[in-house]
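A short write-up of the structure that comes next.
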Amino acid sequence: MNTNTARCSLLLFSLVLLVGSGCSGQQQSVDGWYSLFDGETFDGWKASDQPGSFKIEDGVIVCNGPRSHLFYEGEVEGANFKNFEFTAEVKTAPGSNSGIYIHTKFQETGWPTIGYEAQVWNTGRTAETDPNSHFERKMTGSLYAVRNVWKTPVPDNEWFTYRIRVEGKTIRIWINDTQTVDYTESENPPRSEDQKDRLLSSGTFALQAHDPGSTVYYRSLKVKPLPADLPTPGTPLSDLELDTRLTELGRKSFPLMDLHVHLKEGLTLEDTLANARKYGMTYGIAVNCGLDNVVPNEEKLREFLETYERPADAYLALQAEGREWLDLFSEESISKFDYVFTDSMTWTNDRGKRMRLWIEEEVEVGNPQHFMRMLVNRIETILNNEPIDIYVNPTYLPDQINHRYDELWTEKRMDRVIKGLVENQIALEINDVRRIPSPTFIKLAKEKGVKFTCGTNNRSADDLGWSKYCLEMIEECELKASDMWDPSMK
């Protein structure tokens, strides 16, 4: 072989290698997926002001130390991604906080101001002693401060898969194949001044080392670039005022939870959870347990618990119906629910008659004052003797006397109910469908230290949304995150 032939062969061989690795110099993909971390070095990554907060151990990126962020600056897509699917395996030590930033860019110091953060935080609320201090409740799987998850879908000390997909103006997040976020930006999404650049555009990824007390592990970081011209599959909220209010509350870590949701009139669990993702909420699915109800006895309750597949992103509530419910169900079965609630809409009157307050012909209201004395006595008995977490449908009055609500619910009667709530550490529901209790009742209860929950108490899919009355009361009664109860506080 002459010299010219040898040179041509070498050139051809070099071109083959170049084409095989991608003409842009980009590393080779497998089925469209590129690895972003080689398991041994930080090649392609650059840390901000505290690079010592990141290290590699046994093929794993360990984030621990003063606040710092590790930005991808490698060759894949020139570290500038628009539409993509990203996956990583993540593990958290107890009490640890971190995040995965998307559509961001390198920043020498501080929290990244550009792009979105996908939250990593499994432990739950912090053990703060000051009730007025900030509680971080935005859990793993949240699109931080925009659409949050209020129930951690995975425990600490276990590896889980984090998947993020961006198409057009839609961001979707999955944790271990459970979808937690389905958010689509509007043309003018509501943002506070410090979050004005929390928007979709294009950019790189970053991992967060939050603080010296947090240790979070990342491995198997991969990305699949998608065509830049993909259409937006989702639809933004049409109610800008509601979107603004929910986003602002979420930014402040106000737990947007509806803990009184029913799967009724054909409403499926899948549709319910899709609705929760739309609003950035967490639902509590309530099962009616008691005489003449969906689950009337222990046998049926055990059957339900054995067959019900619990979603990772929702709570499960036992709605105790009637005063005999404790005799119908075992402590073991009751304990399998995340929380228990009841109301006083089924009880026995002074003559031993079982009453259902929502059935007109069974309600005795000929003497409203006598009825109220009976009602408040029964409520006190429930609060003092039944092991419940939330008292729901509070201050309900039958239609025949509801127009006298403010007159019949005197301050003395309200004080008696509030005293029972406080002494037994029972939360008070702000009920959407019945728009109760009144602002006066809520303010009195707040002064005495009562915790609150929000409950739609929906009758079908048509009235399942975000509790508008609860939103009104949060604003009018100046409720804070620390005023709200959630099942992780048990």
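Things worth noting here:
- Elements of type strands (runs of 3 or more DSSP E) in segment 280-371, at least 1 residues being within 30 Å of N148 (Cβ to Cβ) and modelled with pLDDT of 95 or more: 282-289, 315-320, 339-342
- E429 vs. criteria charged (D, E, K, R), in a strand (DSSP E or B) and either more than 30 Å from D350 (Cα to Cα) or out of contact with any Leu (no Cβ under 7 Å at 6 or more places or on another chain) (or both): yes
- Selection from segment 243-268 of residues that are farther than 18 Å from Y144 by Cα and buried (at least 16 other Cβ atoms within 10 Å of the Cβ): D258, L259, H260, V261, H262, L263, L267
- Selection within segment 432-449: residues that are part of a loop (DSSP other than H, G, I, E, B) and surrounded by 22 or more Cβ atoms within 10 Å (Cβ to Cβ). The member of this set that is modelled with the lowest pLDDT is D432.
- Of the strands (runs of 3 or more DSSP E) lying entirely inside segment 53-94, those containing at least 1 residues that are of a type in the set (V, I, T) are 54-57, 60-63, 84-92.
- Residue within segment 421-431 that is among the polar types (S, T, N, Q), on the phi > 0 side of the Ramachandran plot and assigned by TED's automatic domain parsing to the domain that holds Q369 present: yes
- Every residue from segment 168-191 that is surrounded by fewer than 20 Cβ atoms within 10 Å (Cβ to Cβ) and either of a type in the set (A, V, I, L, M, F, W, C) or out of contact with any Ser or Thr (no Cβ under 9 Å at 6 or more places or on another chain) (or both): W174, T178, Q179, E187, N188
The values are calculated or read from the model by the stated rules, or taken from the named source; none is laboratory data. Just so you know, these numbers come straight off a predicted model, no measurement behind them. All Cβ positions, even for glycine, are placed from backbone atoms using ideal geometry, and neighbour counts span all protein chains on display.
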